[in-house]
Every structure is written in structure tokens, then in C-alpha cells.
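Beneath this line is the structure, given in C-alpha cells, with notes to follow.
The values are calculated or read from the model by the stated rules, or taken from the named source; none is laboratory data. Bear in mind the structure is a predicted one, so any value in this text is a computation, not a measurement. Cβ sites come from the backbone with ideal geometry, for glycine too, and all protein chains shown count toward neighbours.
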Amino acid sequence: MPAYYEIRLSGFGGQGMMLAGAFLTEAAGIYDDKYVVQTRSYGPESRGGASRSEVIISSEPIVYPEVRQPDLVLALTKEACDKYHSDLKKDGILIIDPDIVKKTPKITAKIFAVPVTRIAREEVGKEITANVVSLGAFAAIVDWVTKPSLKRVVLSRSPRGTEALNEKAFEAGFAAGKRILGK
């Protein structure tokens, strides 16, 4: 059976969801040898408005390049959760930051509460790494992209001098994801 996954990463402008989507696309397409498509959408504001990055990962050529019914939605803000969860597959996955998204929607999808912003701030020491923490959690919760590929992209694309910080953020997110899964 071919693998085909539609993913929506969402938050507000400035949280790094576009970059996280690019990392995910590169890891799946270059290092895991999958077919990939990424699209981006910004709110009217460049910072602070709703934004999303959508990625399709497939083991076969992708016929339609837009996410129609995501298998997974990552929502780092209440606005993003409210706006982008509605077309999530019934058996899909919603990953939220429970410190920000206080009320989860009533859906049949699995909901994983990963406090990515708190982990970035308290465990990593830089809130700006929340996007990398979320990628670590993503890698722990689903196996659609391999952990080594995603980590390789995060480290290779990290600005010079921030590699150790981003590795710490990725591993902290991965550990949080595993804890939530009970593994």
C-alpha cells in the first residue's frame, strides 16, 4: 500500500512554521527519497497573523499539490487550531501546545498535547526554537519522515553557531513526543 500523508503546520507569523515545513519537505524528499510538495500561506500580517505550511509526503508521484484533508495538523496557537483543524481526517492527529490552546476542539482525531513553547523556553533556553521542538515531537509521534533525516536537515540548515541549540531543541521535542506516546 502506498504511503501518502497530508500535513499542516500552523501558528502565527514569526513562529517558524514555514521553516519547519521546509525542513520536513527537505528531509522527506532528499534524505528519505519520497515525493514531496510544500505550500505556504500567510495571514495579512507578516508577524502575528495566522500562517500555515502544508506538506504532502508520498511514496508515489503526487497528482494534486494541495492539502485537502490533512492526516496531521500541528497548531501552536488557538487561532491556528480554530482555523485549521476543521478538515482534519476523522482518524487524523492534532498536535497542540496546551499552554496556548487551552480548549481542544471536539473531534474524533487523536489529540497530542505537547508544550513545545514551554520546552523551548525552559529546557532549551530559547523560545525561538519552538518550531524545532515541534519537529522533534512530530518525529516521535509519526514515522512519516525518519528521525535521522529530519535531524540532519535541522542541523545542516541551522545558522552557524546554533547547531547545538537546535539539536537540543529537536531532542527535547522528540523526548516529549515519546513521553506522550508512553514509549
task = Starting from residues that are acidic (Asp, Glu) and outside any helix (DSSP H, G or I), keep the ones in the range 10-64 and report whichever is modelled with the lowest pLDDT.
result = 45
note = Filtering the range 142-183 down to residues that are under 23 Å from residue 115 (Cβ atoms), assigned to a helix (DSSP H, G or I) and without any contact (Cβ under 8 Å) to a residue 40 or more places away in the chain yields 147, 151, 164, 166, 167, 170, 171, 174, 175, 178, 179
inquiry  = Out of 93, 119, I need the residue that is of a type in the set (Val, Ile, Thr) and either in contact with a strand residue (DSSP E or B) (Cβ under 7 Å, 6 or more places away or on another chain) or at positive phi (or both). Which one?
reply    = 93
ask   = If the Cβ limit is 7 Å and pairs must be 6+ apart or interchain, which residue in the range 117-128 that is in contact (Cβ under 8 Å) with a residue 24 or more places away in the chain and under 13 Å from residue 176 (Cβ atoms) pairs with which residue that is among the β-branched types (Val, Ile, Thr) and not in a helix (DSSP H, G or I)?
value = 117/100
key: Residue check for residue 168: under 27 Å from residue 30 (Cα atoms) and out of contact with any Ser or Thr (no Cβ under 6 Å at 6 or more places or on another chain)   = yes
